[in-house]
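One structure is given here, and the rest of the page talks about it.
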Amino acid sequence: MSRLDFTVDRRATGSRARAARFRTLHGEVLTPVFMPVGTQATVKGLSVDALAAVGSRVLLANTYHLLLRPGPDVFRAFGGIHRLMNWQGPVLTDSGGFQIFSLPAERALDENGARFRSYVDGTMHLLSPETSIEMQKAIGSDIMMVLDQCIPSTAPLAQAQAAMELTHRWALRSLEARGDSPQALFGIVQGACHPDLRRKSATYLSTLPFDGLAIGGLAVGETHAERYEFTGLATDHMPAHLPRYLMGVGTPIDILEAVHRGVDMFDCIIPSQLAHRGTAFTSHGKIHCRRTVYRLSEAPLDSDCDCQTCREYSRAYLCHLVRSDETLGAQLLSIHNLTFYHRLMREMRESILRDDFAAFYERKRHELARSDDDHPSVPPAKGKVPTAPRRGDYEIIKGPLGAFSVRQISSGEVMHSVNRPGDEANALYVVQSGLAQRVLRGSHGVHVPALDGNTTTDAACAPVAPFETTPASELVIWDVGLGAASNAMAAIACFEDAVAQRGASALRPVRIVSFECDLDPLILATQKSARFPHLQHAAPHGLLGEGRWTHVSGLLTWELMKGDFLALFADAPAPDLVFYDPFSAKTDTALWSADVFARMAAHGGAKPMALYTYSASTAVRAALLWAGFRVAEGVGTGPKATTTIAFTGLNGEHAHAGPEPRKIAWLGDAWLARWRRSDSKFPLHLDEAGREAFARRIESHRQFEQQPELALDGSSR
């Protein structure tokens, strides 16, 4: 039986909106309800009397921050958060899962929980389902949340499924840790932007004895349309007899859309955070009080609002306070914004009870999208064209899919010109190389038949069949052409996913060596990291600052070798994988020669090497073959139908382990015929004798010997 005695008073006609109520240990709550965020047991700048005056009925406190300061002993001494902060109403505590998600470089996550270092005193802590519930019991909140693994809403299916399943296992442990406490406990639906996972998570958690369910993992990367879609999908599969809570959302329009889809409870830092930036939500639209247009205005902030701020102060005074960075300005705007939010919740409840919410929704969703009807911003001067951010010979441009890339001005070449940089890096280098399997301790690839019928460890066979070599041998990745670090960061993200899913003890050491002669692209992109989500991480800053970054687990290091790749790579450790991504042969001609590939193969020695590159040119593939590599077609990306993968040796251990069972598309007779007809089959510097020698070496390559076609099980076809 629910500890909250949840009751639905009315469901709206023509909408899934509902007005409900539930009873907590500290009083009744009417829904829809917005909960101001009191991270440190305080809503910034406001007393509990001020919170009550603006209409706050439930506050949210942060388990992660309160664990570190003041700590559980203080809450136990005071009998809980209510007496400590002198708040008489209900309190909901989050579990700390989102804060752990926000610190990917500062924590190590495994089945037990998340280990992290305190930002207060540097001590190490374990936040597990059990310790999270123990802390929430000490806080004495009315509603506790299970510990969950929060990931970006745009995460790929495998990562989202692993996080969801871990969240489910932690949910069971949280329920057990709650025991017979009278505090309510909510489960959290996860699954990112994958419909089947969201359905599965909501359905599974509905079978467990929770007092309510929350929707987690939204407002962390998806579009507004996706947020609304997956909110509605989740509520469709959540029990009607329990409260529904959308975590961390959001703007007034986000809340309206979620209520329309059946959500009851909300929290977000936006009303107080924007108040501290001088922004107010009003019936006239969103207003930025810093603007000069308000400097002499005697009008109230919002003529339709009766809060203390609007009753007693002018826009001119608020403009002065904001421009002067006075704390009173943030306080007065917080009072107004929270009043606006609570009034919106009250109006929605009243419209549901009157059964005219559908009309209210249609009217309000247009009103809430407005921005300062009284004094709209001055449009930019006609003909003024904004300039792209630049540094040195590079600039940031927006691609056809809306993603940003870095362009070299002198050559016009664009890094990841068509695809989103992260998507291309993941598909071409991370997924195709089987990196998620390669980082596991003792796993160096998968077995597939070689050209001669023997077993090797190339390409794309699945299911994965790992085999033991040196259990903890280091995996070395060369990242040739660092650029804006899309490829290296994709590899780091893969590693961090493996830590989250398998635990650090299951992984082998990984060493990424990035080669780059010009750091301007990375510096530029890092300065504009809002346009490059993969750089919103501590690793690029560490690499630029120190030339090296180490993951908190100690198992992954990322090193920078700055300068000419041809002069530096002999000093680097021999690679297992090479992500070969310099500019094209037109721009970086020297890096695509047969001699360079031969030097790389010789540097690797007996150690097997797998090389992946975006180029599918005949000249590049011929150069690799001449250098002794075996060469195959790689996955298509962007405008390219295929790319190129290459391996040293015929029976070595290679890294290519794609996600689906398939044969390796080795270059064969058809390619050889095309090469013979090609105008670029020889390096330009060769004389006639050199061309003849080059041709003999290609024609006699063992790869082109007639062999029966082999299936993955080694049988002839």
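Summary table below
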{"quantity": "Which listed residue, of SER351, SER334, is surrounded by 18 or more Cβ atoms within 10 Å (Cβ to Cβ), touching a Ser or Thr at 6+ places or on another chain (Cβ under 6 Å) and part of a helix (DSSP H, G or I)", "calculated": "SER334"}
{"quantity": "Hits in region 233-249 (condition: outside any helix (DSSP H, G or I), small (Gly, Ala, Ser) and on the phi < 0 side of the Ramachandran plot)", "calculated": "ALA240"}
{"quantity": "Condition met for MET85 (of a type outside the set (Val, Ile, Thr), free of Cβ contacts under 8 Å to residues at least 12 places away in the same chain, outside the structural domain of CYS307 (by TED's automatic domain parsing) and over 19 Å from PHE266 (Cα atoms))", "calculated": "no"}
{"quantity": "Qualifying residue in region 625-633 (condition: touching a strand residue (DSSP E or B) at 6+ places or on another chain (Cβ under 9 Å), within 14 Å of VAL480 (Cβ to Cβ) and either in the same structural domain as GLY547 (by TED's automatic domain parsing) or free of Cβ contacts under 8 Å to residues at least 40 places away in the same chain (or both))", "calculated": "no"}
{"quantity": "Condition check for GLN149: under 23 Å from LEU208 (Cβ atoms), free of Cβ contacts under 8 Å to residues at least 60 places away in the same chain and buried (at least 20 other Cβ atoms within 10 Å of the Cβ)", "calculated": "no"}
{"quantity": "Test set (1) within 26 Å of ALA17 (Cα to Cα); (2) in contact with a Phe, Trp or Tyr (Cβ under 9 Å, 6 or more places away or on another chain); (3) aliphatic (A, V, I, L, M) - ALA369 fails condition number", "calculated": "(2)"}
{"quantity": "Residue match in region 20-40 (condition: touching a Gly at 6+ places or on another chain (Cβ under 9 Å), within 25 Å of ASP254 (Cα to Cα) and among the basic types (Lys, Arg))", "calculated": "no"}
{"quantity": "Verdict on ARG677 being of a type in the set (Lys, Arg), over 40 Å from the mean Cα position of the chain (by Cα), modelled with pLDDT under 50 and farther than 30 Å from ALA606 by Cβ", "calculated": "no"}
{"quantity": "Residue within region 107-121 that is under 30 Å from GLU347 (Cβ atoms) and either part of a loop (DSSP other than H, G, I, E, B) or at pLDDT 95 or above (or both) present", "calculated": "no"}
{"quantity": "Residue tally, condition without any contact (Cβ under 8 Å) to a residue 24 or more places away in the chain and crowded, with 16+ Cβ neighbours inside 10 Å, over region 1-22", "calculated": "1"}
{"quantity": "Condition broken by GLN88, with the remaining ones in (1) touching a Gly at 6+ places or on another chain (Cβ under 9 Å); (2) crowded, with 22+ Cβ neighbours inside 10 Å; (3) within 30 Å of CYS310 (Cβ to Cβ) satisfied", "calculated": "(2)"}
{"quantity": "Answer residue from region 207-235, given it is modelled with pLDDT of 95 or more, surrounded by fewer than 16 Cβ atoms within 10 Å (Cβ to Cβ) and out of contact with any Gly (no Cβ under 7 Å at 6 or more places or on another chain) and is nearest to PHE266 (Cα to Cα) among those", "calculated": "PRO209"}
{"quantity": "Set PHE210, PHE266: member being touching a Phe, Trp or Tyr at 6+ places or on another chain (Cβ under 7 Å) and over 23 Å from SER56 (Cβ atoms)", "calculated": "PHE210"}
{"quantity": "Residues that are touching a Pro at 6+ places or on another chain (Cβ under 7 Å) and surrounded by fewer than 24 Cβ atoms within 10 Å (Cβ to Cβ), drawn from region 485-510", "calculated": "GLU496"}
{"quantity": "Unique residue being hydroxyl-bearing (Ser, Thr, Tyr) and either assigned to a strand (DSSP E or B) or outside the structural domain of PRO182 (by TED's automatic domain parsing) (or both) when the list is SER2, SER56, SER15, SER95", "calculated": "SER2"}
{"quantity": "Leading residue by the ranking (farthest from TRP87 (Cα to Cα)) among those in region 131-149 that are outside any helix (DSSP H, G or I) and among the acidic types (Asp, Glu)", "calculated": "ASP148"}
{"quantity": "Search result, residues across region 355-374 that are surrounded by 14 or more Cβ atoms within 10 Å (Cβ to Cβ) and free of Cβ contacts under 8 Å to residues at least 24 places away in the same chain", "calculated": "ASP356, PHE360"}
{"quantity": "Of all residues making up region 233-283, the number that are among the basic types (Lys, Arg) and closer than 25 Å to THR24 by Cα", "calculated": "2"}
{"quantity": "Residue within region 209-232 that is assigned to a loop (DSSP other than H, G, I, E, B), touching a strand residue (DSSP E or B) at 6+ places or on another chain (Cβ under 9 Å) and β-branched (Val, Ile, Thr) present", "calculated": "no"}
{"quantity": "Residue that is surrounded by the fewest Cβ atoms within 10 Å (Cβ to Cβ) [pool: residues in region 164-173 that are out of contact with any Asp or Glu (no Cβ under 8 Å at 6 or more places or on another chain) and in contact (Cβ under 8 Å) with a residue 24 or more places away in the chain]", "calculated": "LEU172"}
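Residues are listed down the side, and each one gets a yes or a no for (1) buried (at least 17 other Cβ atoms within 10 Å of the Cβ); (2) among the aliphatic types (A, V, I, L, M); (3) in the same structural domain as MET145 (by TED's automatic domain parsing):
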| residue | (1), (2), (3) |
| --- | --- |
| ALA258 | yes, yes, yes |
| GLY278 | yes, no, no |
| SER283 | no, no, no |
| ARG291 | yes, no, no |
| LEU296 | no, yes, no |
| THR309 | yes, no, no |
| TYR313 | yes, no, no |
| CYS319 | yes, no, no |
| ARG323 | no, no, no |
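Okay, residues lined up against (1) of a type in the set (A, V, I, L, M); (2) at positive phi; (3) modelled with pLDDT of 95 or more:
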{"residue": "MET35", "(1), (2), (3)": "yes, no, yes"}
{"residue": "SER47", "(1), (2), (3)": "no, no, yes"}
{"residue": "ALA52", "(1), (2), (3)": "yes, no, yes"}
{"residue": "ALA61", "(1), (2), (3)": "yes, no, yes"}
{"residue": "TYR64", "(1), (2), (3)": "no, no, no"}
{"residue": "ARG69", "(1), (2), (3)": "no, no, yes"}
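The values are calculated or read from the model by the stated rules, or taken from the named source; none is laboratory data. Please read these numbers as outputs of a predicted model, since none were measured by experiment. Heads up, the Cβs are rebuilt from the backbone with ideal geometry, glycines too, and the neighbour counts pull from every protein chain shown.
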